[in-house]
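**Q** Below are the C-alpha cells for one structure; questions will follow.
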Amino acid sequence: MRQWSDVRLANRLIAIFDERQHQPLGATPSLTLSQSDPVPNPAPSDIQDCVDCGEFVSFGNFDGPKSLPKILRVSERFVTSRLRLLATGALASACFALSGCGSAEAEKAGGPQGPQTVGFIIVQPSSVPLINELTGRIAPFAQSEIRPQISGVVLRRSFEEGALVRAGQTLYQIDPSLYQASANEARANVNSASATAEAARVRANRLRPLAEIEAVSKQDYTDAAAQARQTSAAVAQSRAQLDTAQINLRFTRVPAPITGRIGRSLVTEGALVTANQAEPLAVIQRLDPVYIDIQQSSAELLALRRAMAQGGLVPGVAQAEIILEDGSTYPIAAS
C-alpha cells in the first residue's frame with residue numbers, strides 16, 4: 001500500500017503543476033491525499049507522459065511495483081524544476097516592480113525639471129462704487145382718506161374693495177333728500193328777493209324826476225333808492241344760500257379724489273356719517289410710482305460725509321436697485 005500511495009502522490013503532483021501554468025504568481029494549489037481512499041492499479045496512460053523541464057519523457061509500459069522508483073525520481077526532478085522556474089519568475093517580477101518604484105521615487109525626489117511659469121499682475125488705481133445695503137419700506141406715492149363733508153345716512157357703496165378707482169368716480173351715496181329741499185328753498189328765496197328788488201328799483205326810478213321838480217320830498221326819493229339797493233343785496237345773499245345748498249347737495253355723492261387702489265370700506269350701507277368724524281370711510285393709495293423709505297444709522301452717515309470731505313470718496317450719481325424679500329431683483333431701477 002505504501003508504494004501505491006507514492007504512485008498516486010506522483011500523479012497528483014504532475015497534475016497540480018500542469019494546472020499551475022494557468023494560475024497567477026503566488027497562488028498555492030491544494031494537495032489532498034486521503035490514506036483511507038483505495039488506491040487502484042494505475043493504468044499506463046496515468047503515468048505515461050510526464051514533463052521534465054519542458055520536455056516529454058515516455059516511460060513505456062508500466063510493469064508493476066518495479067517502476068515506482070523511476071516514476072518517483074522523475075516526479076522529484078519535475079517538482080524541483082518547476083519550483084525553480086516559478087522562483088526565477090517571481091524574482092524577475094519583483095526586480096521589475098522595484099525598478100519601476102525606484103524610478104518613480106527618483107522623479108519625486110527632485111530630478112531635473114524645466115523652468116516654472118510665473119504670472120504677474122500690474123496694480124493700477126481705479127474707481128470702484130461704494131455699495132450699501134439698507135432696509136426699506138414701500139410707501140405710496142399719494143394717499144387719500146375718504147371722509148364725508150356732510151352728515152347723513154349712506155344709501156349705497158359704488159365700488160369693490162381692493163379695486164382700482166379713478167378720480168371723480170362715485171364711491172358712496174348719502175341720502176340727498178334734506179339737501180335737495182334746502183336747495184329748493186334757497187332757490188325760492190332768490191326768486192322772492194329778486195321780485196322785491198325789482199319793485200324797489202322801479203319805485204326809486206319813479207321818484208327821481210318828481211324829486212327834481214320838488215313834487216315829492218328829496219327824503220322820499222332817498223329812502224326809495226336805499227330800499228332798491230337793499231333788495232338787490234338780498235338777492236345776492238339768497239343766491240349765495242342757493243349755491244351753498246347746491247354744494248351740500250353735491251356732497252351727498254362722495255367721489256374719489258385721486259386715482260389709485262382703494263382699501264376696505266370702513267362703513268356699510270345704512271350707516272350714519274357726519275361731516276366732522278375722525279374715522280375715514282375708506283383709504284385710496286396711489287401705487288404707481290411708489291416711494292421707498294430707507295433708514296441709515298447716523299454713524300454710517302457721518303463716516304460717509306467724513307470720507308467725502310477728506311477726498312476719499314467722489315460724489316456721483318447714485319443708482320439704486322430694489323431687492324425683494326425672496327432675493328430677486330425688481331426689474332425697474334429706482335431713481
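Here's the yes/no breakdown for (1) out of contact with any Ser or Thr (no Cβ under 8 Å at 6 or more places or on another chain); (2) within 22 Å of residue 263 (Cα to Cα):
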{"site": "115", "(1), (2)": "yes, no"}
{"site": "127", "(1), (2)": "yes, no"}
{"site": "131", "(1), (2)": "yes, no"}
{"site": "148", "(1), (2)": "no, yes"}
{"site": "156", "(1), (2)": "yes, yes"}
{"site": "166", "(1), (2)": "no, yes"}
{"site": "210", "(1), (2)": "yes, no"}
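**Q** Just give me the residues in segment 301-318 being modelled with pLDDT of 80 or more and open to solvent by 70 Å² or more (accessible area, probe 1.4 Å), in sequence order. Quick ask: steps written out before the conclusion?
**A** Of the residues in segment 301-318, the ones modelled with pLDDT of 80 or more are 301-310.
Of everything in segment 301-318, those that are modelled with pLDDT of 80 or more and open to solvent by 70 Å² or more (accessible area, probe 1.4 Å) turn out to be 302, 305, 306, 308, 309, 310.
**Q** Restricting the search to segment 204-231, which residues are buried (at least 17 other Cβ atoms within 10 Å of the Cβ) and either in contact (Cβ under 8 Å) with a residue 24 or more places away in the chain or among the basic types (Lys, Arg) (or both)?
**A** We begin by selecting, within segment 204-231, every residue buried (at least 17 other Cβ atoms within 10 Å of the Cβ); these are 204, 207, 211, 221, 224-225, 227-228, 231.
Once the filter is applied, which keeps residues that are buried (at least 17 other Cβ atoms within 10 Å of the Cβ) and either in contact (Cβ under 8 Å) with a residue 24 or more places away in the chain or among the basic types (Lys, Arg) (or both), segment 204-231 yields 204, 224, 227, 228, 231.
**Q** Looking at segment 251-302 only, could you name the residues that are out of contact with any strand residue (DSSP E or B) (no Cβ under 8 Å at 6 or more places or on another chain), touching a residue at least 40 places away in the same chain (Cβ under 8 Å) and under 27 Å from residue 322 (Cα atoms)?
**A** Once the filter is applied, which keeps residues that are out of contact with any strand residue (DSSP E or B) (no Cβ under 8 Å at 6 or more places or on another chain), touching a residue at least 40 places away in the same chain (Cβ under 8 Å) and under 27 Å from residue 322 (Cα atoms), segment 251-302 yields 296, 300.
**Q** Tally up the residues in segment 241-270 that are open to solvent by less than 50 Å² (accessible area, probe 1.4 Å) and not polar (S, T, N, Q), please.
**A** 10
**Q** Considering only residues that are assigned to a strand (DSSP E or B), closer than 15 Å to residue 145 by Cα and out of contact with any Asp or Glu (no Cβ under 7 Å at 6 or more places or on another chain), which ones fall in segment 263-286? So that I can check it myself, show each step before the final result.
**A** Here is the first cut: in segment 263-286, the ones assigned to a strand (DSSP E or B) are 272-273, 282-286.
When the remaining residues are screened for being closer than 15 Å to residue 145 by Cα, the result is 273, 282-286.
Within segment 263-286, 273, 282, 284, 285, 286 meet the criteria.
**Q** Mind listing whichever residues of segment 271-285 are in contact with a Gly (Cβ under 9 Å, 6 or more places away or on another chain) and buried (at least 16 other Cβ atoms within 10 Å of the Cβ)?
**A** Of everything in segment 271-285, those that are in contact with a Gly (Cβ under 9 Å, 6 or more places away or on another chain) and buried (at least 16 other Cβ atoms within 10 Å of the Cβ) turn out to be 273, 282, 283, 284, 285.
**Q** Under 6 Å between Cβ atoms, which residue pairs at least 6 apart in sequence (or on different chains) link something in segment 303-327 that is closer than 13 Å to residue 130 by Cα with a partner that is modelled with pLDDT of 80 or more?
**A** Pairs that qualify, where the first residue is closer than 13 Å to residue 130 by Cα and the partner is modelled with pLDDT of 80 or more, are 313/307.
The values are calculated or read from the model by the stated rules, or taken from the named source; none is laboratory data. Note that this is a predicted model, so its numbers are computed, not measured. Positions of Cβ are backbone-derived with ideal geometry, glycine not excepted, and every protein chain shown enters the neighbour counts. Note: accessible area is taken over every heavy atom of the protein model, side chains too, but ligands, DNA and RNA are not part of it. Shrake-Rupley method; radii C 1.70, N 1.55, O 1.52, S 1.80 Å.
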